[in-house]
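The values are calculated or read from the model by the stated rules, or taken from the named source; none is laboratory data. Remember, it's a predicted structure, so these values are computed and weren't measured experimentally. Neighbour counts run over all protein chains shown; Cβ positions are idealised from the backbone, glycine included. Calculation scope for accessible area: heavy atoms of the full protein, side chains included, ligands and nucleic acids excluded. Shrake-Rupley method; radii C 1.70, N 1.55, O 1.52, S 1.80 Å.
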Amino acid sequence: MNAATRIRVVFLTPEMAPLAKTGGLADVTGALPRYLARNPRLEVMVIMPLHREVRKKNLPLKTVFERIMIDWPGSEKFFSVQEFQSEGFRVYLIDNPRLFDRDYLYSTPEGDYPDNGERFAFFSLAALETLRALSWKPDIIHAHDWQSSLAFAYLRHRPTADGFFAETRLLCTIHNLAYQGLFPPDLLGRVGLPGHLFNPEDLEFYGKVNFLKAGLLYSDAISTVSPTYSREIQTPEFGCGLEGVLRKRSDRLFGILNGIDYLEWNPETDPALPAHYSRGNLAGKSVCRLELLRYFNFPLDSARPVVGMVSRLAGQKGFDLLARSLDELLKKELYLVILGTGEIEIQNLLVEAQKKYPGRLGLKIAFDDRLARLIYAGSDFFLIPSRYEPCGLTQMYSLRYGTVPIVRSTGGLKDTVSEFNPATLQGNGFLFEEYQTAPLVEAVSRALTFYRKEPFWSRLVQNGLDSDFSWEKSAEDYFNLYRQLLSWPAARFS
Ligand code: ADP
Ligand code: GLC
(Lines give C-alpha, C1' and ligand atoms only; values in the text may rest on other atoms or scores of the structure.)
(Ligands and ions follow the chains in the order given, each with its own letter.)
Protein backbone atom coordinates (compact mmCIF):
# COMPACT_ATOMS: atom_id res chain seq x y z
CA MET A 1 0.00 0.00 0.00
CA ASN A 2 1.51 3.37 -0.92
CA ALA A 3 1.76 6.31 1.42
CA ALA A 4 -0.92 8.30 -0.40
CA THR A 5 -3.64 5.88 0.58
CA ARG A 6 -2.67 5.67 4.23
CA ILE A 7 -5.18 6.96 6.75
CA ARG A 8 -3.68 9.96 8.52
CA VAL A 9 -4.47 10.12 12.21
CA VAL A 10 -3.38 12.83 14.60
CA PHE A 11 -3.71 12.48 18.37
CA LEU A 12 -4.28 15.67 20.36
CA THR A 13 -3.37 14.97 23.96
CA PRO A 14 -2.29 16.91 27.04
CA GLU A 15 0.15 14.19 28.15
CA MET A 16 2.06 11.24 26.76
CA ALA A 17 4.53 8.80 28.35
CA PRO A 18 7.43 8.97 28.69
CA LEU A 19 7.47 12.72 27.93
CA ALA A 20 4.99 13.89 30.56
CA LYS A 21 2.65 11.84 32.71
CA THR A 22 0.15 12.23 35.51
CA GLY A 23 -1.82 9.02 34.94
CA GLY A 24 -3.05 6.35 32.58
CA LEU A 25 -3.88 8.75 29.75
CA ALA A 26 -0.14 9.20 29.20
CA ASP A 27 0.43 5.46 29.08
CA VAL A 28 -2.29 5.12 26.45
CA THR A 29 -1.16 8.01 24.25
CA GLY A 30 2.44 6.80 24.61
CA ALA A 31 1.68 3.24 23.51
CA LEU A 32 -1.33 3.30 21.20
CA PRO A 33 0.28 5.46 18.45
CA ARG A 34 3.24 3.10 18.42
CA TYR A 35 0.99 0.11 17.84
CA LEU A 36 -1.13 1.99 15.29
CA ALA A 37 2.00 3.07 13.42
CA ARG A 38 2.90 -0.57 12.85
CA ASN A 39 -0.15 -0.81 10.62
CA PRO A 40 1.06 0.01 7.09
CA ARG A 41 -2.32 1.52 6.33
CA LEU A 42 -1.97 4.21 8.98
CA GLU A 43 0.18 7.30 9.34
CA VAL A 44 0.17 8.61 12.89
CA MET A 45 1.20 11.83 14.59
CA VAL A 46 0.83 13.22 18.11
CA ILE A 47 0.51 16.85 19.20
CA MET A 48 0.89 17.85 22.85
CA PRO A 49 2.02 20.86 24.91
CA LEU A 50 5.69 21.36 25.69
CA HIS A 51 5.40 21.08 29.47
CA ARG A 52 8.36 21.80 31.75
CA GLU A 53 8.44 18.08 32.53
CA VAL A 54 9.24 17.42 28.86
CA ARG A 55 11.83 20.19 28.75
CA LYS A 56 13.60 18.78 31.82
CA LYS A 57 14.10 15.43 30.10
CA ASN A 58 16.60 16.97 27.65
CA LEU A 59 15.27 14.95 24.76
CA PRO A 60 16.59 15.49 21.26
CA LEU A 61 14.03 18.08 20.12
CA LYS A 62 14.15 19.86 16.78
CA THR A 63 12.58 23.27 16.23
CA VAL A 64 10.27 23.04 13.25
CA PHE A 65 8.51 26.40 13.53
CA GLU A 66 10.09 29.35 15.33
CA ARG A 67 7.01 31.47 15.53
CA ILE A 68 3.47 30.75 14.42
CA MET A 69 0.89 33.44 14.87
CA ILE A 70 -2.51 32.46 16.12
CA ASP A 71 -5.85 34.23 15.84
CA TRP A 72 -6.24 34.59 19.59
CA PRO A 73 -7.92 37.36 21.56
CA GLY A 74 -5.52 37.23 24.52
CA SER A 75 -2.01 38.56 24.80
CA GLU A 76 -0.29 35.30 23.80
CA LYS A 77 -0.36 35.42 20.02
CA PHE A 78 2.58 33.22 19.20
CA PHE A 79 3.94 29.78 19.76
CA SER A 80 6.73 27.69 18.38
CA VAL A 81 6.77 23.99 17.60
CA GLN A 82 9.37 21.40 18.51
CA GLU A 83 9.51 17.94 17.05
CA PHE A 84 10.37 14.72 18.82
CA GLN A 85 10.85 11.53 16.85
CA SER A 86 9.24 8.63 18.68
CA GLU A 87 9.11 5.01 17.62
CA GLY A 88 7.28 5.02 14.28
CA PHE A 89 5.65 8.43 14.66
CA ARG A 90 6.45 12.07 15.26
CA VAL A 91 5.40 14.14 18.24
CA TYR A 92 4.89 17.88 17.79
CA LEU A 93 5.20 19.93 20.95
CA ILE A 94 3.40 23.25 21.27
CA ASP A 95 5.81 25.62 22.93
CA ASN A 96 4.50 28.66 24.77
CA PRO A 97 6.53 29.04 27.96
CA ARG A 98 4.08 31.33 29.73
CA LEU A 99 1.31 28.76 29.39
CA PHE A 100 3.12 25.44 29.62
CA ASP A 101 6.51 25.89 31.29
CA ARG A 102 5.16 25.14 34.76
CA ASP A 103 5.94 22.82 37.66
CA TYR A 104 2.79 20.75 37.16
CA LEU A 105 0.67 19.85 34.16
CA TYR A 106 -2.74 20.92 35.42
CA SER A 107 -2.76 21.61 39.14
CA THR A 108 -0.60 22.08 42.19
CA PRO A 109 -1.50 20.09 45.35
CA GLU A 110 -3.59 23.13 46.35
CA GLY A 111 -5.73 23.04 43.24
CA ASP A 112 -6.06 23.69 39.51
CA TYR A 113 -4.19 26.45 37.72
CA PRO A 114 -6.75 29.25 37.36
CA ASP A 115 -6.03 29.77 33.65
CA ASN A 116 -6.45 26.12 32.58
CA GLY A 117 -9.28 27.15 30.26
CA GLU A 118 -7.05 29.54 28.31
CA ARG A 119 -4.12 27.11 28.43
CA PHE A 120 -5.90 24.18 26.85
CA ALA A 121 -8.02 26.25 24.46
CA PHE A 122 -4.75 27.75 23.25
CA PHE A 123 -3.24 24.29 22.95
CA SER A 124 -6.21 23.01 20.93
CA LEU A 125 -6.18 25.93 18.53
CA ALA A 126 -2.39 25.86 18.21
CA ALA A 127 -2.55 22.14 17.36
CA LEU A 128 -4.88 22.90 14.43
CA GLU A 129 -2.59 25.71 13.28
CA THR A 130 0.37 23.36 13.46
CA LEU A 131 -1.33 20.89 11.12
CA ARG A 132 -1.94 23.69 8.65
CA ALA A 133 1.62 24.92 8.97
CA LEU A 134 2.81 21.39 8.26
CA SER A 135 0.34 21.09 5.36
CA TRP A 136 -0.56 17.74 6.89
CA LYS A 137 -4.27 17.18 6.29
CA PRO A 138 -5.52 14.60 8.76
CA ASP A 139 -8.23 12.09 7.87
CA ILE A 140 -8.95 11.68 11.58
CA ILE A 141 -8.37 14.04 14.48
CA HIS A 142 -8.42 11.88 17.59
CA ALA A 143 -8.77 14.15 20.62
CA HIS A 144 -8.24 12.87 24.15
CA ASP A 145 -10.15 14.25 27.13
CA TRP A 146 -11.36 17.77 27.81
CA GLN A 147 -7.95 19.38 27.35
CA SER A 148 -8.06 18.65 23.60
CA SER A 149 -11.81 18.73 23.00
CA LEU A 150 -12.12 22.42 22.27
CA ALA A 151 -10.35 21.80 18.95
CA PHE A 152 -13.68 20.49 17.72
CA ALA A 153 -15.44 23.73 18.67
CA TYR A 154 -12.89 25.71 16.64
CA LEU A 155 -13.31 23.34 13.70
CA ARG A 156 -17.08 23.42 13.72
CA HIS A 157 -17.70 27.02 14.72
CA ARG A 158 -14.70 28.89 13.40
CA PRO A 159 -13.93 27.03 10.20
CA THR A 160 -11.25 28.46 7.95
CA ALA A 161 -12.15 29.65 4.46
CA ASP A 162 -9.70 27.29 2.76
CA GLY A 163 -11.63 24.17 3.85
CA PHE A 164 -8.40 22.57 5.08
CA PHE A 165 -10.24 20.29 7.51
CA ALA A 166 -13.43 19.86 5.45
CA GLU A 167 -12.93 16.12 4.98
CA THR A 168 -11.45 15.45 8.43
CA ARG A 169 -13.45 13.18 10.73
CA LEU A 170 -13.41 13.78 14.46
CA LEU A 171 -13.10 11.20 17.22
CA CYS A 172 -13.20 12.12 20.89
CA THR A 173 -11.98 9.62 23.47
CA ILE A 174 -13.19 10.00 27.04
CA HIS A 175 -10.63 8.70 29.50
CA ASN A 176 -12.47 10.05 32.49
CA LEU A 177 -15.89 11.69 32.33
CA ALA A 178 -15.51 13.30 35.73
CA TYR A 179 -12.96 15.74 34.33
CA GLN A 180 -14.87 18.00 31.95
CA GLY A 181 -13.04 21.32 31.94
CA LEU A 182 -15.62 23.70 33.44
CA PHE A 183 -15.07 27.45 33.19
CA PRO A 184 -17.07 30.66 33.60
CA PRO A 185 -19.20 31.79 30.61
CA ASP A 186 -16.98 34.72 29.71
CA LEU A 187 -14.22 32.28 28.83
CA LEU A 188 -15.69 31.73 25.35
CA GLY A 189 -14.88 35.29 24.32
CA ARG A 190 -11.44 35.07 25.89
CA VAL A 191 -10.55 32.06 23.74
CA GLY A 192 -12.06 33.39 20.52
CA LEU A 193 -15.26 31.37 20.34
CA PRO A 194 -18.70 32.84 19.62
CA GLY A 195 -20.81 33.69 22.68
CA HIS A 196 -23.87 31.97 21.20
CA LEU A 197 -22.24 28.61 22.02
CA PHE A 198 -23.23 29.33 25.60
CA ASN A 199 -26.55 27.53 25.34
CA PRO A 200 -27.58 24.06 26.57
CA GLU A 201 -27.53 22.57 23.05
CA ASP A 202 -23.88 23.57 22.77
CA LEU A 203 -21.27 24.18 25.46
CA GLU A 204 -23.33 25.48 28.37
CA PHE A 205 -23.50 23.13 31.35
CA TYR A 206 -25.16 24.29 34.58
CA GLY A 207 -23.98 27.86 34.14
CA LYS A 208 -20.46 26.95 33.05
CA VAL A 209 -18.69 26.39 29.75
CA ASN A 210 -17.95 22.68 29.38
CA PHE A 211 -14.94 21.84 27.19
CA LEU A 212 -15.62 18.11 27.03
CA LYS A 213 -19.08 18.81 25.61
CA ALA A 214 -17.38 20.14 22.48
CA GLY A 215 -15.80 16.71 22.05
CA LEU A 216 -19.08 14.92 22.70
CA LEU A 217 -21.29 17.08 20.50
CA TYR A 218 -19.12 18.08 17.56
CA SER A 219 -17.35 14.75 16.99
CA ASP A 220 -18.29 12.16 14.39
CA ALA A 221 -17.86 9.50 17.07
CA ILE A 222 -17.04 9.17 20.75
CA SER A 223 -15.12 6.38 22.34
CA THR A 224 -14.25 5.47 25.87
CA VAL A 225 -11.74 3.11 27.36
CA SER A 226 -13.75 0.02 28.28
CA PRO A 227 -17.05 -1.53 27.16
CA THR A 228 -18.52 -1.46 30.68
CA TYR A 229 -17.70 2.23 31.15
CA SER A 230 -19.30 3.03 27.78
CA ARG A 231 -22.56 1.69 29.19
CA GLU A 232 -22.13 3.11 32.71
CA ILE A 233 -21.66 6.70 31.51
CA GLN A 234 -25.12 6.65 29.96
CA THR A 235 -26.63 6.34 33.45
CA PRO A 236 -27.12 9.10 36.05
CA GLU A 237 -24.85 7.26 38.49
CA PHE A 238 -21.77 7.50 36.27
CA GLY A 239 -22.77 10.10 33.69
CA CYS A 240 -21.58 13.13 35.71
CA GLY A 241 -24.50 15.13 34.32
CA LEU A 242 -23.64 14.30 30.71
CA GLU A 243 -25.58 11.03 30.54
CA GLY A 244 -28.34 12.69 28.48
CA VAL A 245 -25.86 13.96 25.88
CA LEU A 246 -24.22 10.55 25.73
CA ARG A 247 -27.50 8.69 25.44
CA LYS A 248 -28.48 10.90 22.53
CA ARG A 249 -25.29 9.89 20.77
CA SER A 250 -25.31 6.26 21.86
CA ASP A 251 -25.22 5.04 18.22
CA ARG A 252 -21.88 6.83 17.89
CA LEU A 253 -20.44 5.81 21.27
CA PHE A 254 -17.93 2.95 21.39
CA GLY A 255 -16.09 1.19 24.22
CA ILE A 256 -12.58 -0.01 23.36
CA LEU A 257 -10.60 -1.54 26.18
CA ASN A 258 -7.12 -0.09 26.73
CA GLY A 259 -4.15 -2.35 26.39
CA ILE A 260 -0.83 -2.21 28.17
CA ASP A 261 2.58 -2.15 26.57
CA TYR A 262 4.00 -5.62 27.12
CA LEU A 263 7.53 -4.52 26.22
CA GLU A 264 7.55 -1.47 28.43
CA TRP A 265 6.02 -3.42 31.34
CA ASN A 266 7.87 -6.69 31.48
CA PRO A 267 9.15 -8.43 34.63
CA GLU A 268 11.73 -10.26 32.52
CA THR A 269 13.50 -7.05 31.54
CA ASP A 270 12.23 -4.15 33.67
CA PRO A 271 15.36 -2.18 34.66
CA ALA A 272 13.58 -0.81 37.75
CA LEU A 273 13.53 -4.26 39.39
CA PRO A 274 16.26 -5.77 41.59
CA ALA A 275 15.66 -9.19 39.98
CA HIS A 276 13.86 -10.44 36.93
CA TYR A 277 11.41 -13.27 36.57
CA SER A 278 9.15 -14.97 34.09
CA ARG A 279 6.12 -17.19 33.88
CA GLY A 280 8.34 -20.25 34.06
CA ASN A 281 10.59 -19.05 36.88
CA LEU A 282 9.15 -16.79 39.53
CA ALA A 283 12.17 -16.86 41.86
CA GLY A 284 13.02 -13.22 41.07
CA LYS A 285 9.60 -12.12 42.31
CA SER A 286 10.57 -13.10 45.88
CA VAL A 287 13.66 -10.91 45.58
CA CYS A 288 11.42 -8.01 44.53
CA ARG A 289 9.15 -8.73 47.51
CA LEU A 290 12.10 -8.57 49.91
CA GLU A 291 13.27 -5.32 48.38
CA LEU A 292 9.78 -3.89 48.82
CA LEU A 293 9.64 -4.97 52.49
CA ARG A 294 13.07 -3.40 52.99
CA TYR A 295 11.98 -0.15 51.33
CA PHE A 296 9.11 0.23 53.80
CA ASN A 297 11.15 -0.99 56.80
CA PHE A 298 9.09 -4.11 57.38
CA PRO A 299 10.73 -7.28 58.77
CA LEU A 300 12.26 -9.26 55.94
CA ASP A 301 11.48 -12.65 57.41
CA SER A 302 7.75 -12.08 57.51
CA ALA A 303 5.44 -14.47 55.69
CA ARG A 304 2.63 -11.94 55.71
CA PRO A 305 1.32 -11.10 52.25
CA VAL A 306 1.96 -7.64 50.89
CA VAL A 307 -0.98 -5.74 49.43
CA GLY A 308 0.11 -2.92 47.13
CA MET A 309 -1.56 0.24 45.84
CA VAL A 310 -0.26 2.73 43.25
CA SER A 311 -2.65 5.52 42.54
CA ARG A 312 -3.43 9.14 41.92
CA LEU A 313 -4.86 10.42 45.19
CA ALA A 314 -8.26 11.44 43.87
CA GLY A 315 -11.86 10.90 44.97
CA GLN A 316 -12.37 8.39 42.16
CA LYS A 317 -9.83 5.96 43.59
CA GLY A 318 -11.70 4.97 46.74
CA PHE A 319 -9.42 6.23 49.50
CA ASP A 320 -12.38 7.29 51.63
CA LEU A 321 -13.62 3.70 51.54
CA LEU A 322 -10.10 2.45 52.25
CA ALA A 323 -9.76 4.79 55.23
CA ARG A 324 -13.07 3.56 56.65
CA SER A 325 -11.96 -0.04 56.15
CA LEU A 326 -8.44 0.19 57.57
CA ASP A 327 -9.26 -0.89 61.13
CA GLU A 328 -10.80 -4.10 59.84
CA LEU A 329 -8.32 -4.61 57.08
CA LEU A 330 -5.22 -4.25 59.19
CA LYS A 331 -6.50 -6.73 61.76
CA LYS A 332 -5.61 -9.26 59.11
CA GLU A 333 -2.20 -10.72 58.63
CA LEU A 334 -0.97 -8.41 55.89
CA TYR A 335 1.13 -5.38 55.02
CA LEU A 336 -0.38 -2.58 53.01
CA VAL A 337 1.94 -0.39 50.94
CA ILE A 338 0.66 2.72 49.19
CA LEU A 339 2.36 4.95 46.63
CA GLY A 340 0.36 7.97 45.58
CA THR A 341 0.24 11.66 45.00
CA GLY A 342 -2.53 14.17 44.45
CA GLU A 343 -5.21 15.83 46.52
CA ILE A 344 -3.94 17.23 49.79
CA GLU A 345 -6.94 16.01 51.86
CA ILE A 346 -6.31 12.40 50.81
CA GLN A 347 -2.59 12.79 51.48
CA ASN A 348 -3.38 14.01 55.00
CA LEU A 349 -5.80 11.17 55.56
CA LEU A 350 -3.15 8.62 54.58
CA VAL A 351 -0.41 10.27 56.61
CA GLU A 352 -2.68 10.04 59.68
CA ALA A 353 -3.44 6.38 58.96
CA GLN A 354 0.25 5.65 58.59
CA LYS A 355 0.94 7.16 62.02
CA LYS A 356 -1.77 4.95 63.48
CA TYR A 357 -0.44 1.73 61.90
CA PRO A 358 3.32 2.26 61.52
CA GLY A 359 4.11 -1.46 61.57
CA ARG A 360 1.51 -2.40 58.99
CA LEU A 361 1.05 0.45 56.59
CA GLY A 362 3.83 1.70 54.31
CA LEU A 363 3.21 5.05 52.67
CA LYS A 364 5.11 7.04 50.09
CA ILE A 365 3.65 10.29 48.88
CA ALA A 366 5.36 10.86 45.54
CA PHE A 367 5.14 10.22 41.85
CA ASP A 368 7.80 7.56 41.43
CA ASP A 369 7.72 5.25 38.43
CA ARG A 370 10.54 3.08 39.78
CA LEU A 371 8.84 2.45 43.09
CA ALA A 372 5.54 1.86 41.27
CA ARG A 373 7.19 -0.95 39.33
CA LEU A 374 8.70 -2.42 42.50
CA ILE A 375 5.21 -2.44 44.03
CA TYR A 376 3.68 -4.18 41.00
CA ALA A 377 6.42 -6.79 41.14
CA GLY A 378 7.02 -7.16 44.88
CA SER A 379 3.43 -7.25 46.14
CA ASP A 380 1.39 -10.42 46.45
CA PHE A 381 -1.93 -8.65 45.99
CA PHE A 382 -2.90 -5.30 44.50
CA LEU A 383 -5.90 -3.38 45.80
CA ILE A 384 -8.09 -1.04 43.68
CA PRO A 385 -11.22 0.02 45.59
CA SER A 386 -12.26 2.64 42.98
CA ARG A 387 -15.61 4.35 43.18
CA TYR A 388 -15.56 4.26 39.38
CA GLU A 389 -12.81 3.32 36.93
CA PRO A 390 -13.04 4.06 33.19
CA CYS A 391 -10.45 1.40 32.42
CA GLY A 392 -7.65 1.23 34.94
CA LEU A 393 -4.20 0.10 33.94
CA THR A 394 -2.75 -0.78 37.32
CA GLN A 395 -4.72 -4.03 37.60
CA MET A 396 -3.30 -5.04 34.21
CA TYR A 397 0.25 -4.15 35.27
CA SER A 398 -0.26 -6.23 38.42
CA LEU A 399 -1.46 -9.22 36.41
CA ARG A 400 1.52 -8.79 34.11
CA TYR A 401 3.84 -8.88 37.16
CA GLY A 402 2.16 -11.93 38.70
CA THR A 403 0.38 -9.98 41.43
CA VAL A 404 -3.23 -10.79 42.22
CA PRO A 405 -5.71 -7.88 41.89
CA ILE A 406 -8.52 -7.27 44.37
CA VAL A 407 -10.81 -4.72 42.77
CA ARG A 408 -14.19 -3.11 42.93
CA SER A 409 -16.41 -4.43 40.15
CA THR A 410 -16.77 -1.29 38.04
CA GLY A 411 -15.79 -0.02 34.58
CA GLY A 412 -12.67 -1.51 33.09
CA LEU A 413 -11.85 -3.33 36.33
CA LYS A 414 -14.90 -5.48 35.70
CA ASP A 415 -13.80 -6.10 32.10
CA THR A 416 -10.31 -7.28 33.04
CA VAL A 417 -10.50 -9.03 36.41
CA SER A 418 -12.52 -12.21 36.93
CA GLU A 419 -13.26 -13.84 40.27
CA PHE A 420 -11.07 -16.84 41.08
CA ASN A 421 -13.05 -20.04 41.36
CA PRO A 422 -11.29 -22.71 43.45
CA ALA A 423 -13.45 -25.47 41.94
CA THR A 424 -12.45 -24.79 38.35
CA LEU A 425 -9.18 -22.94 39.12
CA GLN A 426 -10.34 -20.26 36.65
CA GLY A 427 -10.18 -16.52 37.31
CA ASN A 428 -7.36 -14.04 37.89
CA GLY A 429 -8.40 -12.02 40.94
CA PHE A 430 -11.11 -10.99 43.39
CA LEU A 431 -13.98 -8.51 43.04
CA PHE A 432 -16.50 -6.76 45.26
CA GLU A 433 -19.64 -4.88 44.23
CA GLU A 434 -20.91 -2.50 46.89
CA TYR A 435 -18.81 0.54 47.77
CA GLN A 436 -18.73 -0.40 51.43
CA THR A 437 -16.34 -1.68 54.07
CA ALA A 438 -17.79 -5.18 54.53
CA PRO A 439 -17.64 -6.24 50.84
CA LEU A 440 -14.11 -4.83 50.51
CA VAL A 441 -12.88 -6.64 53.61
CA GLU A 442 -14.62 -9.85 52.52
CA ALA A 443 -12.93 -9.73 49.12
CA VAL A 444 -9.56 -9.32 50.82
CA SER A 445 -10.37 -12.23 53.16
CA ARG A 446 -11.35 -14.43 50.22
CA ALA A 447 -8.12 -13.56 48.50
CA LEU A 448 -6.04 -14.30 51.61
CA THR A 449 -7.48 -17.80 51.98
CA PHE A 450 -5.62 -18.78 48.82
CA TYR A 451 -2.33 -17.11 49.66
CA ARG A 452 0.43 -19.67 49.15
CA LYS A 453 -2.15 -22.49 49.35
CA GLU A 454 -1.59 -24.99 46.61
CA PRO A 455 -2.82 -25.88 44.07
CA PHE A 456 -4.76 -22.59 44.16
CA TRP A 457 -2.02 -20.02 44.52
CA SER A 458 0.12 -21.12 41.60
CA ARG A 459 -2.89 -21.30 39.33
CA LEU A 460 -4.15 -17.89 40.41
CA VAL A 461 -0.79 -16.29 39.70
CA GLN A 462 -0.39 -18.15 36.42
CA ASN A 463 -3.90 -17.16 35.31
CA GLY A 464 -2.85 -13.55 35.79
CA LEU A 465 0.37 -14.03 33.90
CA ASP A 466 -1.60 -15.70 31.10
CA SER A 467 -4.13 -12.83 30.80
CA ASP A 468 -3.54 -11.03 27.52
CA PHE A 469 -4.15 -7.28 27.42
CA SER A 470 -1.62 -6.42 24.77
CA TRP A 471 -2.28 -3.40 22.56
CA GLU A 472 -2.47 -5.35 19.31
CA LYS A 473 -6.15 -6.12 19.60
CA SER A 474 -7.21 -2.67 20.80
CA ALA A 475 -5.13 -0.99 18.08
CA GLU A 476 -7.00 -3.10 15.55
CA ASP A 477 -10.31 -1.99 17.10
CA TYR A 478 -9.29 1.68 16.75
CA PHE A 479 -8.22 1.08 13.16
CA ASN A 480 -11.64 -0.40 12.39
CA LEU A 481 -13.33 2.53 14.09
CA TYR A 482 -11.27 4.99 11.99
CA ARG A 483 -12.38 3.15 8.85
CA GLN A 484 -15.98 3.24 9.98
CA LEU A 485 -15.69 7.00 10.60
CA LEU A 486 -14.35 7.49 7.10
CA SER A 487 -17.24 5.53 5.64
CA TRP A 488 -19.64 8.16 7.00
CA PRO A 489 -20.04 11.47 5.18
CA ALA A 490 -18.03 14.31 6.67
CA ALA A 491 -20.20 16.49 8.89
CA ARG A 492 -20.40 19.95 7.37
CA PHE A 493 -20.95 22.65 9.95
CA SER A 494 -21.41 26.29 9.17
P1 ADP B 1 -5.56 6.93 36.20
O2 ADP B 1 -5.26 7.27 34.79
O3 ADP B 1 -6.99 7.16 36.56
O4 ADP B 1 -4.64 7.58 37.16
P5 ADP B 1 -4.72 4.23 35.49
O6 ADP B 1 -4.81 2.98 36.26
O7 ADP B 1 -5.26 4.23 34.11
O8 ADP B 1 -5.39 5.35 36.39
O9 ADP B 1 -3.20 4.66 35.29
C10 ADP B 1 -2.39 5.06 36.32
C11 ADP B 1 -0.97 5.16 35.79
O12 ADP B 1 -0.26 6.11 36.57
C13 ADP B 1 -0.20 3.86 35.93
O14 ADP B 1 0.81 3.84 34.94
C15 ADP B 1 0.42 3.99 37.32
O16 ADP B 1 1.57 3.19 37.45
C17 ADP B 1 0.76 5.45 37.32
N18 ADP B 1 0.81 6.07 38.64
C19 ADP B 1 -0.23 6.52 39.38
N20 ADP B 1 0.22 7.06 40.53
C21 ADP B 1 1.56 6.95 40.51
C22 ADP B 1 2.59 7.35 41.41
N23 ADP B 1 2.33 7.95 42.55
N24 ADP B 1 3.87 7.08 41.06
C25 ADP B 1 4.15 6.46 39.89
N26 ADP B 1 3.22 6.06 39.01
C27 ADP B 1 1.93 6.32 39.31
C1 GLC C 1 -8.20 7.75 33.05
C2 GLC C 1 -8.98 6.75 33.88
C3 GLC C 1 -8.37 5.37 33.89
C4 GLC C 1 -7.90 4.96 32.52
C5 GLC C 1 -6.98 6.02 31.95
C6 GLC C 1 -6.46 5.68 30.57
O7 GLC C 1 -7.28 8.47 33.73
O8 GLC C 1 -9.17 7.22 35.19
O9 GLC C 1 -9.32 4.44 34.39
O10 GLC C 1 -7.24 3.72 32.58
O11 GLC C 1 -7.65 7.23 31.85
O12 GLC C 1 -7.49 5.54 29.64
Within segment 343-384, track down each residue that is open to solvent by less than 40 Å² (accessible area, probe 1.4 Å), in contact with a Ser or Thr (Cβ under 9 Å, 6 or more places away or on another chain) and among the hydrophobic types (A, V, I, L, M, F, W, C).
366, 372, 375, 377, 381, 382, 384
Would you call residue 424 assigned by TED's automatic domain parsing to the domain that holds residue 370, buried (at least 24 other Cβ atoms within 10 Å of the Cβ) and out of contact with any Leu (no Cβ under 9 Å at 6 or more places or on another chain)?
no
Residue list for segment 123-149, filter: of a type in the set (Gly, Ala, Ser) and open to solvent by 10 Å² or more (accessible area, probe 1.4 Å):
133, 135
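Do we find a residue being of a type in the set (Gly, Ala, Ser), within 15 Å of ligand 1 (Cβ to nearest atom) and outside any loop (DSSP other than H, G, I, E, B) anywhere in segment 323-332?
Just the residues of segment 323-332 that are of a type in the set (Gly, Ala, Ser), to begin with: 323, 325.
Applying the additional criterion that residues be within 15 Å of ligand 1 (Cβ to nearest atom) yields none.
Scanning segment 323-332, I find no residue that is of a type in the set (Gly, Ala, Ser), within 15 Å of ligand 1 (Cβ to nearest atom) and outside any loop (DSSP other than H, G, I, E, B), so the answer is no.
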Log entry, pairs with first residue in segment 382-397 being among the basic types (Lys, Arg), second being open to solvent by 10 Å² or more (accessible area, probe 1.4 Å) and more than 8 Å from ligand 2 (Cβ to nearest atom), beta carbons closer than 7 Å, six or more apart or on different chains, reads 387/315; 387/435
Go through segment 389-408 and report how many residues are of a type in the set (Gly, Ala, Ser) and touching a Ser or Thr at 6+ places or on another chain (Cβ under 9 Å).
2
Among the residues of segment 386-401, is any hydrophobic (A, V, I, L, M, F, W, C), at pLDDT 95 or above, open to solvent by less than 20 Å² (accessible area, probe 1.4 Å) and in a strand (DSSP E or B)?
no
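Only one residue in 336, 329 is in contact with a Ser or Thr (Cβ under 9 Å, 6 or more places away or on another chain) and either within 16 Å of ligand 2 (Cβ to nearest atom) or assigned by TED's automatic domain parsing to the domain that holds residue 446 (or both), so which one is that? It would help to see each step written out before you state the result.
Numbers: 336 fails: in contact with a Ser or Thr (Cβ under 9 Å, 6 or more places away or on another chain).
From the options 336, 329, the qualifying one is 329.
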Residues being more than 16 Å from residue 394 (Cα to Cα), assigned to a loop (DSSP other than H, G, I, E, B) and not acidic (Asp, Glu): count how many of those fall in segment 1-41.
11
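State whether the residues of segment 424-439 include one that is more than 25 Å from residue 258 (Cα to Cα), outside any strand (DSSP E or B) and among the aliphatic types (A, V, I, L, M).
Looking through segment 424-439, at least one residue is more than 25 Å from residue 258 (Cα to Cα), outside any strand (DSSP E or B) and among the aliphatic types (A, V, I, L, M).
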Residues satisfying the stated conditions in segment 22-46, i.e. within 23 Å of residue 178 (Cα to Cα) and either in contact with a Ser or Thr (Cβ under 6 Å, 6 or more places away or on another chain) or free of Cβ contacts under 8 Å to residues at least 60 places away in the same chain (or both)
26, 29
